[in-house]
Amino acid sequence: MIWRYIGTSIVCIVSLVTGSSQASETSIETFMAAQKVPLPAHYSFIQQRTIQGLPRPLTSSGELLINNDSIHWETKKPIAQSLQITAAGIVDTQSETQIRGGEVIAQLLLAVLAGDLDKINTHFKVTINGECAVLTPQAKPLSQFITHIDTCGSPQLNRIKLYEVNGNNSVIALTPKSPTSVKSD
Amino acid sequence: MRATVIKLVLAISLLVILLVVGNRHVQWQSSLLHTLPQDTNPLHQAYQNSQQPNEQQFLLWLHIPAEQSESLVAHLRKRVLPQLAAEQPAIKPNEQLAIESLISFYQAHAGSFGPTAAYDQLANQPEQLITAAQQRLQQPSPIWVDLQHDPLLLTQSYVEQLPDMLVGFHYEAPLYLRSGQQNNEILLVLTSGADALSQTEAQRVVERVELQLQGIQQQFPAVELARSGFIFHAAAAANQAKHEMSLFGGLSMLFVLIMLVGVFRSLRHLAFTLFVLTTASAAGFSAVFWLFDSPHVLMLVFATTIIGLCIDYVFHACIAASHGEKSWRAIVPALWLGGITTIAGYILLTFLALPLLQQLGVFMAAALATVLTLVVYCVPRFQLNTPTHPNWGRLHHQLARGYARLHQFRPQYWLPLVAIVVGLIMNSQFVANDSVRQLASSPPNLVQQEQQIRRVTATHFDADVLLIHGNSAEVMLQRYAAVANLLPQWQAQGLITRWQSFFDYVQPPQQQHELQQLQHQLWQTSAGADYLHWLGITVPVQPEAQPWSALLNHPLASLFVYPESTKGYLGVIRLSGVQPELTSYIQEIAHAEHFNPLTQASSALGQYRVQLQWWLIALIGLAWVVLALRIKSQASLAQRIALSTQVISIIIIALGGALSLALVAQSLNVFHFVGAILVVVLGLDYGIFCASNVHREHVLQALSLSALTTAIAFGVLSFSSTPAIAAFGHVVLWGVLFSALLTPLITNKK
């Protein structure tokens, strides 16, 4: 059940990575239209996760490679982990286990990467706040876990903030890399 | 004449008042299962009662090209669902499976529920669990458990591994969606809030849903639709029964009108027949409405047969009256004897514990009593003595002569022998099938849609359930958990293929406690302490042990646990692919019982068929005695016994022949024997008239007219798409024809 929201969140974040980097226009439509990036897109990331009850944020880092038909999410520190996302689903490439229901999320993700802004508009209410686009989930399952997602940075996207309903939040700092520097599975 | 009319008007006014007042509180039923006798087992009753909310639930499945899926989803959310919810009875998405309440329950039990594998890992390889939790924490996905109570995210992992209620579909409230390569599927789980047993409400709900579905199909021509739910079948069955009633009733009436006009050449006979029929039907319905709160629509179909029986008495009375005072005086005792034995037969039906037959018995007894009274009272007073058409008279004169020639062959001697032979043959051919599945009458298209939805959702479980009883929630849940532990073993042995149990979604308190203990031990090790240090938290406080009854707070508990009114709690495990050998395993478990409502209903039908068979044998024996004492009272006892024996022999031959022919179409069931009751009572009527002092030619005129109309009235029922009605029609059609052909063989000569 919850695996659906895991995947959905990944979708949200990755879609923002690929969809918001060129956002500089004031109108939402133009801002969203400018989010498409040439694929493959390659980023390194540092994630700082603040979880209620924990005294300090949990930090992780790794790389993100987005292709036309797959996404490779690789965490290198503190625990190595590699996720491969395709139309067939989401697979942990180390344990070779498939995340249940991942195919639905993967298909949604790939649609987003192909520039299907209708999907983003369907799932989120989009507003602009300074140099951030604020995406508020419209649909109930996602809104039960995520209050909003901020994509920030101008002209280059450099930060994604994910706010959960229960007070947790994640800040993912992104740095563009050369598309050929990470091997795609 | 004027006084007669006034009396009739007063009586009919009273009848109309009774009918109108009685009709006010009546709710028609349409499910075939509700025609069955009530199961007296309290566990079974509690289970059956608990299923009513399921009867209000229904599913709509929409299959659409992927590119149109988004638009359809938006259309469903913005137009269809609000419109369905706007009117009464409201049709709303079923929120029982909503995620919020499930998450809330598991959040309150963070750290107490964990995957089965976690127990071993905690004891032997805790590092794996720690690594998995760390990986999980670094994924950009929501964490909804409290880490201070569940540092290893065991409860969140447990929830993620729970079986889906609708396999393969993901929930985007209030829709369930599944994406395919080219097409997407949308599933709407709706509940009507209407009483599914109320035909009016069920019809209204189905009409509103169909209206929305039509709108969807117009807007999205590529959509493929399927419906599933009791309410669709109930509405279809009601429509079908009503359609058949009007079709068969109309055909019978048309044939009767043609015969009346053709034979009597009189509109007075026509008017009188319609008057008797209308009044008798009103009396029948009044009696049913006052005695039953929920009559069944199938009763209406069987009740159309009153047309044939009504005509029978009207014809005999009018034809006798047309032959003068002496003939009228001769027919009246036969009318009373025939009428009263028939009414008695129907009254006896009310002693059987089948609600449908009770309703039919009451209707027919009241209607026939009215027919008999009106015929005997009105025919001489309204001077309904127009002679029949001369050709009709000549035809029956020839027939009477023909049968008289047959009397030379002494049928009084060989009829009983033939009856014995037919009875023996019937006994050797006898094959019964009492399965209620045979009686299903849903339209094939609806059945296909039902199967389609069961296939795509994979949620279908057979009707087999395990019922577990306990005097308290705690006792019942303990027993339930013990039985649930055996399910994997039974599956491995091939005794079942699948199951659905409450303990697929919860774990017993001792298991929760064990999980807490194992975690507590881990925190005492260096690996555990390092992990807590990495998180920056202290050793979690162990929660107090929860009582068994706390499990009932689970949102899905209401699908598996039902309070019995005053006798404790009932737990249900749904099974699929049950093998007969399972029964012996379950018998060894105290307080658990294997129950299949369909098997139970079939068994009940079988018992009542057997009861009806014995009842028929008793009725025939009793009729032989009554006729031997009362038929042709001026004759000697030996002559009366001979007459009675001939009548009964003919009934047995007609019955045996009819049942043998019915066997060609389908195995015998209780509804064949409902038809057999009519064959017996009609055979008695015909026999009594033939054995009476009425001129044989006059009897034949009425008998053939009556038999033709009755055979038509009942014969059309054999074309019914409801197997139960068709079974009834087959037996009565052939039984009446055989009776009509054979009863003129009765000879009242010494």
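The values are calculated or read from the model by the stated rules, or taken from the named source; none is laboratory data. As the structure is a prediction and not an experimental result, all values here were calculated from the model. All Cβ positions, even for glycine, are placed from backbone atoms using ideal geometry, and neighbour counts span all protein chains on display. The protein model used for the area step is the full one, side chains on, heavy atoms only, and it has no ligands, DNA or RNA in it. Shrake-Rupley method; radii C 1.70, N 1.55, O 1.52, S 1.80 Å.
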For chain B, just the Cα atoms, rotate onto the principal axes and tell me the three extents in Å, largest first. 115, 56, 47
Using alpha-carbon positions, the gyration tensor of the range B:468-524 gives root eigenvalues a ≥ b ≥ c; with a/c under 1.5 called rounded, otherwise prolate if a/b exceeds b/c, else oblate, the class is oblate
Point-to-point label distance, B:Q83-B:T350, nm (Cα→Cβ direction, 7 Å offset): 4.9
Convex hull projection area averaged over all views, the range B:438-571, Cα basis, nm²: 13.5
Give me the percent of accessible area attributable to carbon and sulfur for the range B:614-705, probe 1.4 angstrom. 71
Lysine pairs in chain B 8 or more apart or on different chains: how many have alpha carbons under 19 angstrom apart? 4
Any idea what % of Cα-Cα pairs in the range B:284-356 are farther than 14 Å? 71
As I understand it, the dipole of the protein assembly as shown uses +1 on the Cβ of Lys and Arg and -1 on the Cβ of Asp and Glu, about the Cα centre. Which of B:A492, B:Q510, B:H316 lies farthest toward its positive end? B:H316
Kindly report the accessible area of the range B:617-750 per residue (heavy atoms of protein chains, probe 1.4 Å, no ligands, DNA or RNA), in Å². 29
Evaluate the range B:301-340: find the radius of gyration of its Cα atoms, find its Kirkwood radius, and give the ratio Rg to Rh. 1.08
Cα-centred dipole magnitude for chain B, charges only on beta-carbon of K, R (+1) and D, E (-1), debye, nearest 20: 5340
For the ranges B:628-640, B:114-126, what's the packing order if you count other beta-carbon atoms within 10 Å of each residue, average per peptide, and put the highest first? B:114-126, B:628-640
With a Förster distance of 41 angstrom and the Cβ-Cβ distance between B:Y413 and B:Y377, calculated FRET efficiency to the nearest 0.05 equals 0.50
Relative packing of peptides B:480-489, B:318-327 - highest average C-beta neighbours within 10 Å first: B:318-327, B:480-489
Before anything else, pin down the relative contact order of the range B:471-622: Cα pairs under 8 Å, at least 6 apart, normalised by residue count, whole percent. 33
Give, rounded to the nearest 20 debye, the magnitude of the charge dipole that the protein assembly as shown has about its Cα centre when Lys and Arg contribute +1 at Cβ and Asp and Glu contribute -1 at Cβ. 4960
Kirkwood-type radius of the range B:652-750, with distances r between different C-alpha atoms, in Å: 13.5
Inter-chain Cβ neighbour average for residues A:43-54, partner chain, 10 Å: 3
Grab the DSSP H runs of chain B that are 4 residues or longer, score each as -39,500 (n - 2.57), total them, divide by all residues and round the 222 nm result to the nearest 500 deg cm²/dmol. -21000 deg cm²/dmol
Just to confirm the number: angle between the C-alpha axis of helix B:230-264 and the first principal axis of chain B, 0 to 90 degrees, nearest 10? 10
Using a 1.4 angstrom probe, figure out how much accessible area the range B:132-186 has per residue, in square angstrom, rounded to the nearest whole. 29
Using mean Cβ contacts within 10 Å as the protection proxy, how do B:10-22, B:465-477 order, highest first? B:465-477, B:10-22
Return one number: the angle in degrees, 0 to 90 and rounded to the nearest 10, between the long axis of the Cα atoms of helix B:411-429 and the longest principal axis of the Cα atoms of chain B. 10
Along the charge dipole of the protein assembly as shown, pointing to its positive end and built from +1/-1 on Cβ of Lys, Arg, Asp and Glu, which listed residue (B:F719, B:H44, B:Q219) has its Cα farthest out? B:F719
If I take every Cα pair under 8 Å that is 6 or more residues apart in chain B, average their sequence separation and divide by the length, what percent do I get for the relative contact order? 19
Tell me which of A:Q81, A:S61, B:T191 sits at the most positive position along the dipole axis of the protein assembly as shown, charges placed on C-beta atoms (Lys, Arg +1; Asp, Glu -1). B:T191
For the range B:560-592 and the range B:195-266, what is the separation of their Cα centres, given in Å? 38
As I understand it, the value is the acute angle between the Cα axis of helix B:355-381 and the longest principal axis of the Cα atoms of chain B; what does it come to in degrees, rounded to 10? 20
Averaged across the residues of B:129-138, what count of C-beta atoms belonging to other chains lies within 10 Å of each residue's C-beta? 5
To the nearest whole percent, what portion of all C-alpha pairs in the protein assembly as shown is separated by more than 39 angstrom? 57
Would you please report the Å³ per residue occupied by the convex hull of the alpha carbon atoms in the range B:237-297? 68
If you average the sequence gap of Cα pairs under 8 Å that are 6 or more apart and divide by the length of the range B:163-310, what percent do you get for the contact order? 17
Taking the Cα centre of the range B:355-480 as the origin, how large is its charge dipole in debye, to the nearest 20, when only Lys and Arg (+1) and Asp and Glu (-1) carry charge on their Cβ atoms? 860
Looking only at other chains, what is the average number of their beta-carbon atoms within 10 angstrom of each beta-carbon in B:167-180? 4
